[in-house]
Amino acid sequence: MQGQKNRQELEHIGKRILGASRDELYLSMRFLDSAFASLPFEMNLNTRVLATDGEFLYFNPAFLMKQYREEPVAVNRAFLHSVLHCVFRHAARPKEQDAELWDLACDIAVEELIDSMEDKSVRRLVSDERTELYGRLHKKLKVLSAEGIYHCFREERLPLDEQLRLEKLFYVDDHSFFEAPKRETETQDSKEGAGGQNEAGDGEQNGQQNENRENTGSGGRTRSREELAALARKWKQIGESMKTNLETFSARAGRRAGGLLASLTVEYRETYDYPDFLRKFTRPREELRLSEEEFDTAFYTYGLSLYGNLPLVEPLEYTEENRISELVIVIDTSGSCQADGADEFLRDTFAVLNDSGLFARNYRVRLLQSDVKVHSDVLITSAAEADELRRCFRLYGGGGTDFRAAFEYVAKQRENGDMTGIQGLLYFTDGYGTFPEERPDYDTAFLFWRSDYEDIPVPAWAYRLLLKKQPNGGSKYGGR
């Protein structure tokens, strides 16, 4: 009885401390009001600090009382740290291959944001170690997102001792409560492992149970995939609302929020599958194929039965569908552009040419290589030609960048009667160059491999898309 009373008192104290912290943060960060309201407090002694699973903010009262006595700002920072994990959906997305490195990247991304904030409720002296790391990462990334930091560490093969040092430097909350859906490959592995003993019986049943109830955090809660998806959607709506709020009503407050708006812009930029994006360039055209919607089989079969081999209505030999018949792809071959990125982009493009069904039967794709002038112009009219080009593709150029050269080349070809049916132009580039001022009479998209493409002054009449590498090998394109 006494133990239950003590527990209730501890929970009450912990909630009061977090409530006071939330109120102080809210006074200067009202754009976070929906995020604060969406994370109720719950005491949980399975954690030594704070933790969240996206639905609750769990706390250890002993930690809160100690921190509140010694440094109240530390409580504010820890509270905001966990909230930002939810806003950026760190608690509800599949972890990367190296889970420990991914957790570290999430912590660094959130702490860099908080360290950049000017508000006194979270402001404290930033250590030289943190400042040095932020500067090193900013040389590669304009916005320090968790995904970008993770891939930087992976590329430079961060030593284990350095990783452990950084984990200690940036440790704030407990990530063991994160309940993210497993990646498709992980789920498949679990099914195969479960089905190994009895492939047709218990293994299949266990595999299904693993798929439906695979997420159990340290808090003891188990959520289905549907529940986790609903939680992710909730935080996506909160994040998008915050972004809109910072861009409009809370613009002045946003200036005190450091790089929060830039980070939200990167996190919540619209994304497309590559085939979905290419549909923007399709136009209605007639395809030589039976139109099931318009063909009435009743008269056709009646004629056959009445006259033997004379149908009353012949089947239509065409149907109107949205297809791409002529497209121009330009590869930036300037010295600052990376050949590996161009090769990967072309591989994805050729795969779409062969498999998506977006292109007309007799399509024409012109592949240009250009820096300050066009060095190569190759016509592709079939899957076989696309495969052959992919195998022997090489870059020409290496000079500066002037995007106008490619557009002028296309305009000249059209004056000569070529490229007259062009439906769109895709320009793969790093963004360093001079853009044309006048809009052409066809749709244009600039595709960037740089993560900081938001700063590139793309003309208002063009799409701008970011090429992102996906862990499963697929291609997502984020854009406006």
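For the reader, a short list of remarks on this structure follows.
- Cα gyration tensor shape of the range 37-137, rounded if a/c is under 1.5, else prolate or oblate by comparing a/b with b/c: oblate
- Whole-Hz ³J(HN,Hα) from phi, Karplus 6.51 cos²θ - 1.76 cosθ + 1.60, for the range 74-85, glycine and proline x: 5, 5, 4, 5, 5, 4, 5, 4, 5, 4, 5, 4
- In sequence order, the range 106-117 has phi-based couplings of 4, 5, 5, 4, 6, 5, 4, 5, 5, 5, 7, 6 Hz under the Karplus curve 6.51 cos²θ - 1.76 cosθ + 1.60, θ = phi - 60°, and Gly or Pro positions carry x.
- Shown is the FRET efficiency for residue 432 and residue 30, computed with R0 = 60 Å from the Cβ-Cβ distance and rounded to the nearest 0.05: 0.95.
- Charge dipole magnitude, Cβ of K and R +1, D and E -1 - the range 54-154, Cα centre, debye nearest 20: 180
- Added length on full extension, which subtracts the Cα-Cα distance from 0.36 nm per residue, residue 456 to residue 124: 116.2 nm
- Within the range 359-465, the chymotrypsin sites (Phe, Trp or Tyr not before Pro) that combine a DSSP coil assignment with at most 16 other C-beta atoms in a 10 angstrom radius are 396, 432, 461.
- On the beta carbon distance between residue 74 and residue 381, with R0 = 60 Å, the FRET formula returns roughly 0.40.
- As a rough guide to protection, the peptides 108-119, 153-164 ranked by mean Cβ packing within 10 Å, highest first, stand as 108-119, 153-164.
- The stretch between residue 45 and residue 283 holds 79.6 nm of extra length on full extension. This uses 0.36 nm per residue minus the Cα-Cα distance.
- Segments 52-61, 260-269 sorted - mean Cβ within 10 Å per residue, highest first: 52-61, 260-269
- Here is the list for the range 362-394: trypsin sites (Lys or Arg not before Pro) lying in DSSP coil, each with at most 14 other C-beta atoms within 10 angstrom of its C-beta, are 373, 394.
- Pair residue 348, residue 222: separation of 7 Å Cα→Cβ label points (nm): 3.8
- Local electrostatic count, residue 3, Cβ distance below 15 Å [Lys/Arg +1, Asp/Glu -1]: 0
- Distance violations [Cα-Cα > 32 Å] among 120/236; 66/236; 140/168; 280/412; 5/120: 66/236; 5/120
- Close amide H pairs (under 5 Å, H built 1.01 Å from N) link residue 142 with 452, residues at least 5 positions away or on another chain.
- Extension gain, residue 99 back to residue 416 (0.36 nm per residue minus Cα-Cα distance, nm): 108.4 nm
- In nm, spacing of pseudo-spin labels at residue 11 and residue 37 (7 Å Cα→C-beta vector): 2.4
Since every read-out is calculated from the coordinates, none of them should be taken as a lab result. Remember, it's a predicted structure, so these values are computed and weren't measured experimentally. Methodologically, a virtual Cβ is constructed for each residue, glycine included, from the backbone with ideal geometry; neighbour enumeration extends over all protein chains shown.
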